[in-house]
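Read through the structure below, which is laid out as structure tokens, and then see the notes.
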Amino acid sequence: MQLCGCQKIKQVRVEADISADSLWCDRCLSNLNVEDFTLTDELKNELQAWIYDYGKWIDWENDGIMSNGVLLEQQHNERGALLTAKVKLELDRQYQVVFSPSTFAMKYSK
Ligand SMILES: [Zn+2]
């Protein structure tokens, strides 16, 4: 089954973005459909909740970050790292799984 432009996906990236699925092809950066992977419903729900949580630290109106944005992003990334470990376990031997943490607030605060 072809899920993106690549002939075969070797490496799957876990990354949160606004209204996207949490899995990406690490090579061509296509957003992948979580439903195409053999993940448990429980983990899919956790990933979905994690996506909804993305961007809490972004102050859209003022195009900046919330006052505790760096901390919020950090917590989000810690959760993402845990979820990535679970995805790794469930996709064992099918794909390599890597985590790409959010750096938005970190960049902004500098
Ligand atoms: Zn690809």
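Rule-based calculations on the coordinates, nothing more; no lab input. Here the structure is a predicted model, which means the values were calculated and not measured. Neighbour counts are summed over all protein chains in view; Cβ atoms, including those assigned to glycine, are modelled from backbone coordinates with ideal geometry.
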Within the stretch 7-44, name every residue whose backbone N is under 20 Å away from a label modeled 7 Å from Cα of ARG79 along the Cβ vector.
13-24, 34-35, 40-44
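Can you tell me how the chain classifies by the Cα gyration tensor, rounded, prolate or oblate, using a/c under 1.5 as the rounded cut? Please report the intermediate quantities before stating the final value.
Values: a/c = 2.25, a/b = 1.86, b/c = 1.21.
Cα axes put the chain in the prolate bin.
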Find which of ILE51, THR40, SER100 sits farthest along the positive direction of the dipole of the stretch 11-108, computed with +1 on the beta-carbon of Lys and Arg, -1 on that of Asp and Glu, about the Cα centre.
SER100
Kindly list the residues of the stretch 19-50 that lie in the label zone of GLN2, defined by a backbone N under 20 Å from the point 7 Å along the Cα-to-C-beta vector.
24-37
Please list the non-local residues whose amide H lies under 5 Å from the amide H of GLY64, H modeled 1.01 Å from N, same-chain partners needing a gap of 5 or more.
ASP59
Folded to 0 to 90 degrees: helix 69-90 orientation relative to the chain principal axis, Cα:
10 degrees
Among the lysines, select those whose C-alpha is under 29 Å from the C-alpha of LYS8, and discard any that sit fewer than 8 residues away in the same chain.
LYS44, LYS86, LYS88
